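Just so it is clear, none of the values below were taken in a lab; they were calculated from the coordinates. Nothing here was measured: the structure is a model prediction, and the numbers come from that model. Cβ: placed from backbone, ideal geometry, glycine included. Neighbour counts: every protein chain shown.
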Amino acid sequence: MERRILLVDDDVAVLLTLKAVLEINNFTVETASSVTEAMEKLASGVYHMVITDARMENENAGFEVLHAARRQAYKPATALLTAYPPQDDAWKREGAQSLLVKPVGTEDLLRQIEALLVLHHDVQHEEDEKLLSQPTVPLGRDPGGWNRDGTKKAG
């Protein structure tokens, strides 16, 4: 199964190193070196995960990328990559599901990414199951004659 990651960082050395590590471990990786480039990639591609540096053009650049990723219909997993981890969990409120602290070792990075992808898949599956269990209006019937739970209205 192809696992596509969008990796966003303005440090070219970090970007190319992480891309190489991920590709060696069977991920398909696209890169972006700015918020603008990341937005373009998010709009034109589908990714299983978005990993973004926290600070790029400004201190909130990574959060801008996370917000854009969370708005995508395909709902990618999200991780914030930073050398300056926040003291609180504001990164979670901003849309990151995982915090990757630089420098991060290869094994630790891969373990965290795999765990996040599994967790994200399970959460998405649960949400899909909830949607599928919602009652629907039978085809060919007047929707006005049915209750929200799919039973026929009295009268």
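For the residue pairs K41/K75; K19/K92; K19/K102, the C-alpha atoms sit more than 19 angstrom apart in K19/K92. The ranking of H120, H67 by Cβ neighbour count inside 10 Å, starting from the fewest, reads H67, H120. The shape of the range 13-118 can be summarised by an equivalent ellipsoid whose semi-axes, obtained from the alpha carbon gyration tensor, come to 18, 17, 14 Å from longest to shortest. Using the beta-carbon distance between R70 and A20 and R0 = 25 Å, what value does 1/(1 + (r/R0)^6) give for FRET efficiency, to the nearest 0.05? Once the sixth-power term is evaluated, E becomes 0.35.
Annotation: amide H of V29 within the under-5 Å range of I5, sequence separation 5 or more or interchain, hydrogens built in the peptide plane. Here the 3J(HN,Hα) profile of the range 27-43, calculated from phi with Karplus coefficients 6.51, -1.76 and 1.60 at θ = phi - 60°, is 9, 9, 10, 10, 10, 9, 10, 7, 4, 4, 5, 4, 4, 5, 5, 4, 6 Hz, Gly and Pro shown as x. For the range 65-78, the Karplus equation 6.51 cos²θ - 1.76 cosθ + 1.60, evaluated at θ = phi - 60°, returns couplings of 5, 4, 4, 5, 5, 5, 7, 5, 4, 7, 6, x, 5, 10 Hz by residue, with Gly and Pro reported as x. As a rough footprinting exposure proxy, the listed residues D89, D10, D53 were ranked by other beta carbons within 10 Å of their own, and the order from fewest upward is D89, D10, D53. Label-to-label distance for E59 and T106 is 3.6 nm, based on points extended 7 Å past Cα in the beta-carbon direction.
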